[in-house]
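Below is one structure; the comments refer to it alone.
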Amino acid sequence: MTIAKLALTIGFAIGLAAPLRAEQWVSSYTTHDYAKCRKDKGNGDPVAVHRCPGKAGVSVIWTAGDDSSAVEFSAKAVQETISDKAAFFEAGRTIEWRGPKGGKPQATILRYATGQSVGKLDGSRLVVYRLAPDGSSCIIGSVDARKPGANAAARRLADEKAPSFRCGQDARSED
């Protein structure tokens, strides 16, 4: 085989591999009324913590204070800020679970209403979480949900980064 044919064959194989991988990942959805999920016993703190069932045994943990709410996945979630792009967040109710067809979800995507001041949530971000095989979870990154193609960008981020993202070590991606 000549070098030109070999290069063409490799290029063709690489060109096919990316779309095939993307086609193997699928979405499923859950919708939560967080306040109706099981409430954790508090310590007198005004912050409410509720646990909802998710997919494949992964808990959805909703934490709500007076001015913000956030979601974590599993009891081994890395404690971190949602995004550097806003100061206040309100977690959406619909969670998109991403993973290989027929397999356990490896990522989630959740829409947050965002803002720089209390009572003025005028932005929106799609936050992508890694669901690690050991039960831990963390944020891979986020996408400005107001931009065209934001849902596709968030899915791409989940599909490409979730399998190998190392919580606490790899840099998050934020547009």
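Derivation of every value follows stated rules applied to the coordinates shown; laboratory data play no part. Since this is a predicted model, take the numbers as computed values, not measurements. Cβ atoms come from the backbone with ideal geometry, glycine included; neighbour counts cover every protein chain shown.
In nanometres, what is the gap between the two model label sites at residue 175 and residue 104, each 7 Å from Cα along Cα-to-Cβ?
In this crude label model, residue 175 to residue 104 measures out at 3.1 nm.
From the square roots a ≥ b ≥ c of the eigenvalues of the alpha-carbon gyration tensor of the stretch 73-116, which class results: rounded (a/c under 1.5), prolate (a/b over b/c), or oblate?
In terms of gyration-tensor shape, prolate.
What is the spin-label model distance, in nm, from residue 152 to residue 136 if the labels are put 7 Å beyond Cα along the C-beta direction?
Once both label points are built, they end up 3.4 nm from each other.
Can you compute the radius of gyration and Dmax for the chain, using only the Cα atoms, both in Å?
18.4, 74
Can you list residues from other chains, or at least 5 along the same chain, whose modelled amide H is less than 5 Å from the amide H of residue 77?
137
Any idea what the dipole of the stretch 26-174 comes to, in debye rounded to 20, about its Cα centre with Lys/Arg Cβ at +1 and Asp/Glu Cβ at -1?
With only Lys, Arg, Asp and Glu charged at Cβ, the dipole is about 540 debye.
At most 14 other Cβ atoms within 10 Å and a DSSP loop assignment: could you name the trypsin sites (Lys or Arg not before Pro) in the stretch 118-153 that fit?
146
For labels at residue 28 and residue 56 in the simple 7 Å Cα→Cβ model, what's the distance in nm?
Between residue 28 and residue 56, the label points sit 0.9 nm apart.
If you build the Cα gyration tensor of the stretch 31-93 and take the root of 5 times each eigenvalue, what three semi-axes come out, in whole angstrom, biggest first?
For the stretch 31-93, the ellipsoid semi-axes come out as 18, 15, 12 Å.
First select every other residue whose beta carbon is under 15 angstrom from the beta carbon of residue 47; then total the charges, Lys and Arg +1, Asp and Glu -1.
Surrounding charge for residue 47 is -3.
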